[in-house]
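Sharing a structure, written as structure tokens. Questions coming.
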Amino acid sequence: MAGSDAAHEIVARLFREEQGRAVATLIRVTGDFDLAEEAVQDAFISALETWPLRGVPDNPGAWITTTARNRAIDRLRRRKRLVEKTGTLAREAAIESELEAIEPGPSEDAMHIADDRLRLIFTCCHPALAMDARVALTLRTLGGLTTPEIARAFLVPEPTLAQRLVRAKRKIRDAGIPYRVPPAELIPERLDGVLRVLYLVFNEGYAASSGDSLIRRELCAEAIRLARVVVSLLPDEPEARGLLALMLLHDARRDARVGPGGELVLLDDQDRSRWDTVRIAEGRALVEGALVERRPGPYQLQAAIAALHDEAAKPADTDWAQIAALYVALQRMTPSPVVELNLAAAVAMADGPAVGLAMMDGIEASGELETYPYLHSARADLLRRLERWTEAEAAYRRALALTTNDPERAFLAGRLREVEGRRRAVD
């Protein structure tokens, strides 16, 4: 039984590590997402059936790729028997020949594998696909997450998620989206789309938009793993390293963000001894190495901000003036009302709540973030600190009405009760 458990653990680990490689290789040869995924799934099912009995092979990754190749050939041969069109038969015969030429193992060209995975990343994140489809397809093909896993993570019905995947694959096929690494001149703009997908996956894991959990650890872990893949494939891209650094520096604080009962713990109230110092050190090294190249980007700046938070031994040590300066630079680079809100929050910490509140009032007056709960909760906090209880109560009510995550709602409800009590005491 112990041997069986060990084999199952190895298969589960390999599925995360090798599934994307094998799928990428088979898609390159067959041009068929479904055939590639089904063949790789067949290979892992075969591993689960045979490895507990025969033992784990010396090179399990190569075994998976070889078995997946053979399963793809079997599927093509069955398909050929059902197809009568000569052109299609000729095409499938050519694919079968190419599949037979795949020689996985230690001799396999590492650069070829890297190229296959890059092709798959850029195809899954093609700008012609809707963003929700890009996220789902990336997690499905590269991350190896099942359709039910992705549906649960994003709190959508499984049939809805399955349809997104079907539509995305159909769009790739019907629109002739090329399975390739973009030309050199297009990589910067296309890379931004890839990084954006991973950023969204991590954000949804780190601060779940709805549901009963503050953090979805599996999404954080998957985003970090895929970001590591991108960095390994594109080591000269500082923004890729900046994004990985940003994820690590935030994820280092993950355990301290949640109390024993699953409640939200604000940054100032966290037990900093629970922060992951190994992740902080790796994240800081990544962002420092990226910034020294003097090709700054938004992920590098955000990572630098996160590093300043992480290196403060206690809240009072936080260099809020430097954080505000970095937000000014970020706002110049990628102007948005959300960045402006973060800048206002940093200014409130550096120069006082009244100064920050004046900036937030301007953002509120613009109407751009009217339905953004964090604007109202940030204003509410500053109004609370200024002891403007009636206004704070109204702002907390607005934030609570817009918030769908249960731990965040519980936190806001507690603050609302606090300011209601203060207001009644004054009245």
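The values are calculated or read from the model by the stated rules, or taken from the named source; none is laboratory data. Just so we're clear, the structure is a prediction, and the values are computed from it rather than from any experiment. Cβ atoms come from the backbone with ideal geometry, glycine included; neighbour counts cover every protein chain shown. With ligands, DNA and RNA removed, areas are computed over all heavy atoms of the protein, side chains included. Shrake-Rupley method; radii C 1.70, N 1.55, O 1.52, S 1.80 Å.
Can you name the residue in the range 306-319 that is open to solvent by 50 Å² or more (accessible area, probe 1.4 Å) and free of Cβ contacts under 8 Å to residues at least 40 places away in the same chain and is also farthest from SER273 (Cα to Cα) among such residues?
ASP319
Please work out if GLU293 is open to solvent by 30 Å² or more (accessible area, probe 1.4 Å), under 30 Å from ASP192 (Cβ atoms), in a loop (DSSP other than H, G, I, E, B) and touching a residue at least 40 places away in the same chain (Cβ under 8 Å).
yes
Shifting gears a bit: With the condition kept exactly as written, say whether any residue in the range 126-134 is open to solvent by less than 50 Å² (accessible area, probe 1.4 Å) and either at pLDDT below 70 or more than 29 Å from the chain's Cα centre (by Cα) (or both).
no
Tally up the residues in the range 235-271 that are among the charged types (D, E, K, R) and farther than 27 Å from ASP406 by Cβ, please.
The qualifying residues number 4.
Please tell me if ARG79 is buried (at least 21 other Cβ atoms within 10 Å of the Cβ), of a type outside the set (A, V, I, L, M) and in contact with an Asp or Glu (Cβ under 9 Å, 6 or more places away or on another chain).
no
Turning to a different aspect of this structure: Going through the range 149-169 one residue at a time, which ones are within 17 Å of the chain's Cα centre (by Cα), surrounded by fewer than 21 Cβ atoms within 10 Å (Cβ to Cβ) and outside any loop (DSSP other than H, G, I, E, B)?
GLU149, ALA151, ARG152
What do you reckon, is VAL29 touching a helix residue (DSSP H, G or I) at 6+ places or on another chain (Cβ under 6 Å), at pLDDT below 85 and under 27 Å from VAL230 (Cα atoms)?
Yes; evaluated as a whole, the condition is true for this residue.
I've got another one for you. Any residue at all in the range 363-384 that's surrounded by fewer than 20 Cβ atoms within 10 Å (Cβ to Cβ) and basic (Lys, Arg)?
The answer is no, given that none of the residues of the range 363-384 is surrounded by fewer than 20 Cβ atoms within 10 Å (Cβ to Cβ) and basic (Lys, Arg).
Here is a further query. For the range 65-74, enumerate the residues that are at pLDDT 85 or above and under 29 Å from the mean Cα position of the chain (by Cα).
ALA68
Does THR334 qualify as being among the polar types (S, T, N, Q) and closer than 24 Å to ARG257 by Cα?
No.
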